[in-house]
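Peer 1: After the structure tokens below, expect a handful of questions from me.
The values are calculated or read from the model by the stated rules, or taken from the named source; none is laboratory data. Every value quoted in this text rests on a predicted model; they were computed, and no experiment measured them. Don't worry about glycine lacking a Cβ; one is built from the backbone with ideal geometry, like all the others, and counts go over all protein chains shown. The area values use the complete protein model at the heavy-atom level, side chains included, leaving out ligands, DNA and RNA. Shrake-Rupley method; radii C 1.70, N 1.55, O 1.52, S 1.80 Å.
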Amino acid sequence: MKYFTTVNDVKDINELVDDSLLLKKNPHRFSSLGKNKTLGLIFLNPSLRTRLSTQKAALNLGMNVMVMNMNEEGWALEFEDGTIMNGNTVEHIRDAAAVMGLYCDIIGIRCFPGLVSREEDEKEKVLLSFMKYSKVPVVSLESSTLHPLQSLADLVSIRETWTGKRKPKVVLTWAPHIKALPQAVPNSFCEWMRKAEVEFVITHPPGYELNEDFTRGTPILHSQQQALEGADYVYVKNWSSYQEYGKILCRDQEWMLTHEKLKCTNKARVMHCLPVRRNLEVLDEVLDAPYSLVLLQASNRLFAAQAVLKKILLSNGLSSMETSLHENEQIQFSK
Amino acid sequence: MKYFTTVNDVKDINELVDDSLLLKKNPHRFSSLGKNKTLGLIFLNPSLRTRLSTQKAALNLGMNVMVMNMNEEGWALEFEDGTIMNGNTVEHIRDAAAVMGLYCDIIGIRCFPGLVSREEDEKEKVLLSFMKYSKVPVVSLESSTLHPLQSLADLVSIRETWTGKRKPKVVLTWAPHIKALPQAVPNSFCEWMRKAEVEFVITHPPGYELNEDFTRGTPILHSQQQALEGADYVYVKNWSSYQEYGKILCRDQEWMLTHEKLKCTNKARVMHCLPVRRNLEVLDEVLDAPYSLVLLQASNRLFAAQAVLKKILLSNGLSSMETSLHENEQIQFSK
Amino acid sequence: MKYFTTVNDVKDINELVDDSLLLKKNPHRFSSLGKNKTLGLIFLNPSLRTRLSTQKAALNLGMNVMVMNMNEEGWALEFEDGTIMNGNTVEHIRDAAAVMGLYCDIIGIRCFPGLVSREEDEKEKVLLSFMKYSKVPVVSLESSTLHPLQSLADLVSIRETWTGKRKPKVVLTWAPHIKALPQAVPNSFCEWMRKAEVEFVITHPPGYELNEDFTRGTPILHSQQQALEGADYVYVKNWSSYQEYGKILCRDQEWMLTHEKLKCTNKARVMHCLPVRRNLEVLDEVLDAPYSLVLLQASNRLFAAQAVLKKILLSNGLSSMETSLHENEQIQFSK
């Protein structure tokens, strides 16, 4: 595994979930695996959970971490090829990414969508440029369209708590919000749920259909109550419209999750990736109930990231077992 | 000791001072005590001395450090319970603090007062919320009303330099400033001096009385010269009015400390927590004199922080002796 | 070597180049040399390459690194002596630098010129103040007038790739840009080339003469083509006028480097310190050609920084061999 940017980068999601849970039992077991290896974390957007959990995951593996906030500490990047750079952009992504690849053994990158042009956002310009030009393994810390580290942590949390024999019923439900949010988390959740051993259902108001590539084959209901029936897990998330790209079409508070609504479920556990707008997306009574998994999900972010970094270290000859071969290779002058 | 937010969190201040001085002699003696433990430093306000000294204190103990600047790297937090979060705040402190507690074994937090509403500031909303919701030990890096790490370093500096048999006379004197500053440093200094073996006197212009809770029983003089008489230590600090909350009532340059004024003292050493406005609060001739302790105080910030972190590591089962028990405990799903 | 701020701080540049190349072969050979030592990196201006490469260089030597962004995380510094600090500056450099010297064993500092007053910029106020007041070794991460870490990496790159018997011909050529840039990189490059075993030539439009102190004795041509003839290395860089200080006198795109222009060279390798404005300073076809050394230079930034830090650790009694003597010394109270 060289990249971790979508579920399709993962050969066996069950193995990755198992490994996350093993690391949770013994987080410091591989504390010298990443010795002398450096993780570069590049943030084009704010981050709390991802920033801290990924940083700690790397430290648990003995890696060094260098954090780069591109807005404040860096500069505006140029993404167009062949352009005459006589405007505001200070450095071409070709050069910036290549240079960061020289100093980092693995790069993590966060780059949100603009939510203005669907075409632009779906190009995943930033993420793909880093993959292309840095030459080193790249981990998505949430891109324009996907957030796989979140989804892995979500699946780990389901696996950790599900004791039933049958497949659990997992419902992804849209929730109201005052800001236009990306579709990255729900897209990713769909990708992972469709590969997991669960019965998966989506519910949202009309007009909030996600990109079919991620939902194909999944039942979509416009009645939240009907979708929730018999659910074992309810995943709450707002997103902006994909059809009328980046727009807010509905502010109906009827879509907010309450304890009352959960009565038709199978004592469902409630999930949210955080940050959550309390009493707008979900009522306090739900978030603070014993059946809320939101903090469990957050804690599993650490082990999901650790499992991903461990996998990348091992499958790219970056573990401390091999000598600093990679590094020598990378920085020699090739004529 | 789970919290270090006021002198009242400390059972024995002498023990903590002694330990700071021992660590100063051998800063790397406990360099594996904090192995695999993570200190999270959260800054809602700027910081130089506190940022660097606390970071280094943790590194000296073998801890990992993760720094989070909440303004630039994070987002606006909501503190009101039960509110419908349809405004500018992005995440509730309940969730943000709980999540940070999942990734950090100890949290340090800096949160200045607004200096608008005394009632608001005295609630210590930010600090208390982190204590309540993070579940892990919390160290104040200066809160709305107190700055205990500074005061511990101040006391260490007095102890380190005082060779007399009798109690030294310590004078806290107000000084002019052009900005309205918090009362945290003087409040804290009062708290600590009243518990220390010193003769403590306060002097300031009328209207600058501090909260009585911190000064009760301490002589307060409005004549600076009278207060300075026979002083062994003179602690200079500006603060804004507590009575007319957050206001500047006096700009009288007569209150600036000069060498001349020190002539009536017992060759007093001069202290200031820094940053200091030179030639406004104190004259250059005083700050750069051999009797100035300001750099000694700054250097002792490191060892004060190290003694506090060491104490917290040891008294919360966080030292490397015990296995990663804490961590396992904390992140399991409780049904 | 206590300071690394100009080529004149270096006794033997060849030794430093050799050591950089040795470290490149085995970057982790001295991974405990800097144990328990702390590098403080202070940025008054943005940085990508320097930030990451210097950080990693220190980590490779086992040092701790603390990063301080003075604008966002710190405050405005006062540089004038004796001034009454009743304005916007919050702390005097005397105090700030002295305090940072207490917490750091080596300080790296980046401080760009204002490009308004030549006299002001040439005073190197920030750099010299840190050298004067911090008391610890200081490394320039680019100052108002010089960028020695870049030049060392440049020389390492030339040495690494030159296999001829004779001295290589190295040409520094001005290139167009839309912003007024400092002269630090070309000044520094001149300093180092004049001490290196190369034949050195400068070419730029009239009015772009650099400070003679750095170019004395070096042939300066106004015809780029004539200068390029027979060149083995072509170093491209924009700078603003030194005569009409900080001004842009020429925007002539004829000065942009193209493949065509290189035909008269001896299959010259092309160098640039990055960031580069593509198709404004240099054409894509040149930057992406096999003869472009720009990424080699960037990778050598790491080893240049590592060689410098190693030298400073060893020649200031800071290596882990000696006990924490330095630290004890520094923080005792001197009466």
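Peer 1: Among residues belonging to the stretch B:139-175 that are in a helix (DSSP H, G or I) and among the β-branched types (Val, Ile, Thr), point out the one that is surrounded by the fewest Cβ atoms within 10 Å (Cβ to Cβ).
Peer 2: So in the stretch B:139-175, the residues in a helix (DSSP H, G or I) come out as B:148-161.
Still in the list and also among the β-branched types (Val, Ile, Thr): B:156, B:158, B:161.
Numbers: B:Val156: 26, B:Ile158: 26, B:Thr161: 17.
Filtering the stretch B:139-175 for residues that are in a helix (DSSP H, G or I) and among the β-branched types (Val, Ile, Thr), the one surrounded by the fewest Cβ atoms within 10 Å (Cβ to Cβ) comes out as B:Thr161.
Peer 1: Can you tell me how many residues in the stretch A:99-114 are facing chain C (nearest Cβ under 7 Å) and open to solvent by 10 Å² or more (accessible area, probe 1.4 Å)?
Peer 2: Selection size over the stretch A:99-114: 1.
Peer 1: How many residues does the stretch C:194-234 contain that are in a strand (DSSP E or B) and not aromatic (Phe, Trp, Tyr)?
Peer 2: Final tally of qualifying residues: 7.
Peer 1: Restricting to the stretch B:1-22, what's the tally of residues that are under 20 Å from B:Phe214 (Cβ atoms), among the aliphatic types (A, V, I, L, M) and part of a loop (DSSP other than H, G, I, E, B)?
Peer 2: 1
Peer 1: Under 6 Å between Cβ atoms, at least 6 apart or on separate chains: pull out the pairs that start in the stretch B:260-277 with a residue that is under 28 Å from B:Leu149 (Cβ atoms) and end on any residue that is at pLDDT below 95 and open to solvent by 10 Å² or more (accessible area, probe 1.4 Å).
Peer 2: Within 6 Å, the pairs are B:Pro275/C:Val90.
Peer 1: Name, by its number, the condition in (1) touching a strand residue (DSSP E or B) at 6+ places or on another chain (Cβ under 8 Å); (2) touching a residue at least 24 places away in the same chain (Cβ under 8 Å) that does not hold for A:Thr83.
Peer 2: Against the list (1) touching a strand residue (DSSP E or B) at 6+ places or on another chain (Cβ under 8 Å); (2) touching a residue at least 24 places away in the same chain (Cβ under 8 Å), A:Thr83 comes up short only on (2).
Peer 1: In the stretch B:81-98, how many residues are crowded, with 19+ Cβ neighbours inside 10 Å and within 7 Å of chain A (Cβ to nearest Cβ)?
Peer 2: Number of matching residues: 6.
Peer 1: For the stretch C:277-292: of the residues being touching a helix residue (DSSP H, G or I) at 6+ places or on another chain (Cβ under 8 Å) and buried (at least 23 other Cβ atoms within 10 Å of the Cβ), which is nearest to C:Pro46 (Cα to Cα)?
Peer 2: C:Arg278
Peer 1: Can you tell me how many residues in the stretch A:182-210 are open to solvent by 40 Å² or more (accessible area, probe 1.4 Å) and not acidic (Asp, Glu)?
Peer 2: Going through the stretch A:182-210 one residue at a time, the tally reaches 3.
Peer 1: Right, next: Can you confirm whether B:Lys123 is touching a residue at least 40 places away in the same chain (Cβ under 8 Å) and within 30 Å of A:Glu281 (Cα to Cα)?
Peer 2: Numbers: touching a residue at least 40 places away in the same chain (Cβ under 8 Å): no; within 30 Å of A:Glu281 (Cα to Cα): yes.
Here the answer is no, as B:Lys123 does not meet what is asked.
Peer 1: Let me ask something else about it. Going through the stretch B:211-237 one residue at a time, which ones are touching a residue at least 60 places away in the same chain (Cβ under 8 Å) and surrounded by 14 or more Cβ atoms within 10 Å (Cβ to Cβ)?
Peer 2: Listed by number, the residues that qualify are B:Asn211, B:Ala231, B:Asp232, B:Tyr233, B:Val234, B:Tyr235, B:Val236, B:Lys237.
Peer 1: Can you give me the number of residues within the stretch C:258-270 that are surrounded by fewer than 22 Cβ atoms within 10 Å (Cβ to Cβ) and not in a loop (DSSP other than H, G, I, E, B)?
Peer 2: 5
Peer 1: What do you reckon, is A:Glu78 charged (D, E, K, R) and within 14 Å of chain C (Cβ to nearest Cβ)?
Peer 2: So A:Glu78 passes the test.
Peer 1: I'd like to check something: does the stretch C:110-131 contain any residue that is of a type in the set (S, T, N, Q) and touching a Phe, Trp or Tyr at 6+ places or on another chain (Cβ under 7 Å)?
Peer 2: Looking for residues that are of a type in the set (S, T, N, Q) and touching a Phe, Trp or Tyr at 6+ places or on another chain (Cβ under 7 Å), one finds at least one in the stretch C:110-131, hence yes.
Peer 1: Next up: Can you go through C:Ser47, C:Ser32, C:Ser53 and tell me which one is in contact (Cβ under 8 Å) with a residue 40 or more places away in the chain and surrounded by fewer than 21 Cβ atoms within 10 Å (Cβ to Cβ)?
Peer 2: On the way: C:Ser47 fails: surrounded by fewer than 21 Cβ atoms within 10 Å (Cβ to Cβ); C:Ser53 fails: surrounded by fewer than 21 Cβ atoms within 10 Å (Cβ to Cβ).
The unique qualifying residue is C:Ser32.
Peer 1: Among the residues of the stretch C:29-64, which ones are at the interface with chain A (Cβ under 9 Å from one of its Cβ atoms) and within 24 Å of C:Ile93 (Cα to Cα)? Before the answer, list the steps.
Peer 2: Within the stretch C:29-64, the first condition is being at the interface with chain A (Cβ under 9 Å from one of its Cβ atoms), and the residues that meet it are C:31, C:43, C:46-49, C:51-53, C:55-56, C:59-60.
Residues satisfying the conditions are C:Phe43, C:Pro46, C:Ser47, C:Arg51, C:Gln55.
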